[in-house]
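Just so you know, all these numbers are worked out from the coordinates, no wet-lab data involved. No experiment lies behind these values; they were computed from the predicted model shown. Here the Cβ positions follow ideal geometry from the backbone for every residue, glycine too, while neighbour counts run over all protein chains shown.
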Amino acid sequence: MIAASLPSKALYSIGIRSRRALCLPDFLIIGAPKAGTTWLAANLDCHPQIYMAKRPGCHDPTEVRYFSQSFRLPLKYYSSLFLEGKDKIKGDKSPGYSTLTPFRIRFIRSIMPSVRLVFFLRNPVERAWSHAVMNLVKLSKQKYEELPQSRFYSYFVHSREQGRYTEILDRWLRVFPKKQLYVGFYEDIASDPVRLLREVCAHIGADPDVDWSRFPYQRVVNRGQGHSMPDEFRRFLEEMYRDEISRLDDRLGGAVSRWRALATAGQRLVVAGFGLALALAQGAELGIWA
């Protein structure tokens, strides 16, 4: 089905078939998963100038996921998801887009050269834990107490790319100009949510001077399962992401120094189990452990 839709996509990408007949989004919320994208989309959806597309008939209709999971479908299908909001600023919230391949990112640029991008960051240690609990406990409907540690270690290793923010930024910025990408921080949802929403609105071309008291910015959406991260998992993840956090902090001019300080403090602890935990994770991926 992907192959069948490629000729049509190619005609759009090289300009032979006009994109004017399509109703495409004006901005993409590309991630990261478990970094506040659901909260952001819920608030933007309340803005009178903004339309957030939905994907009916799936577990989470607020995530469109066209370029990550439904790319086999024609562009006309994607376009149809935005028709209801054709006279508004249209958005697609799909945090899985952060790890798209360069080919698909280039395709997005070819059909939406002016699209605005929004990328929220969260401490990769906390993000990885939240994501693991959601997928291994909540969505899998399993009891946290009954899951072996190897399942978590395996998940951390398997999904580590989603916390490698510098690689994600590089991948997208090789294709899109920097001015089209807004980078926000998960922590600001609690500390300064209105400023965060105003900045996002300004970036995507919506009026930032609205009555924010009518927005659900203080409401917790997609609440976690309430499981605290065990120390052994925290040490494992801090070791996994220590260099990434340092690179990101240098790149962003100290914007994530608080993450770096936490990782540095954790380095003072003896992480003797890191090698063993990594072996457990790799063994679980190979099916050695249940």
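Data table
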| read-out | value |
| --- | --- |
| Efficiency of FRET between residue 83 and residue 211 - r from beta-carbon atoms, R0 30 angstrom, step 0.05 | 0.60 |
| Per-residue [θ]222 nm for the chain (sum of -39500 (n - 2.57) over DSSP H runs n ≥ 4, rounded to 500) | -13000 deg cm²/dmol |
| Two-site label geometry, residue 178 and residue 140: point separation in nm, points 7 Å out along Cα→Cβ | 4.1 |
| Given 86/179; 141/179; 9/178; 76/143, the pairs whose alpha carbons are separated by over 32 Å | 141/179; 76/143 |
| Net dipole in debye of the chain [+1 Lys, Arg Cβ; -1 Asp, Glu Cβ; about Cα centre; nearest 20] | 1000 |
| Of 101, 131, 31, farthest towards positive along the dipole that unit charges on Lys, Arg, Asp, Glu beta carbons give the range 2-285 | 101 |
| Structure-derived Rg/Rh (Cα atoms, Kirkwood Rh) - corresponding label in (1) 1.01; (2) 0.98; (3) 0.96 | (2) |
| Contour excess over end-to-end distance, with Cα ends at residue 59 and residue 255 and 0.36 nm allotted per residue | 67.1 nm |
| Partners for residue 88 among aspartates and glutamates (Cα-Cα distance below 13 Å; same-chain residues under 8 apart left out) | 26, 45, 207 |
| Euclidean distance of C-alpha centroids, the range 50-103 and the range 175-248, integer Å | 21 |
| Point-to-point label distance, residue 192-residue 21, nm (Cα→Cβ direction, 7 Å offset) | 4.7 |
| Between 0 and 90°, nearest 10: helix 257-267 axis offset from the chain longest Cα axis | 30 |
| Size of electric dipole in the range 41-115: Cβ of Lys, Arg +1 and of Asp, Glu -1, about Cα centre, debye, nearest 20 | 320 |
| Theoretical gain in end-to-end length, residue 246 to residue 104 [0.36 nm per residue, Cα-Cα removed] | 48.3 nm |
| Principal-axis tilt of helix 2-13 within the chain, Cα atoms, nearest 10 degrees | 60 |
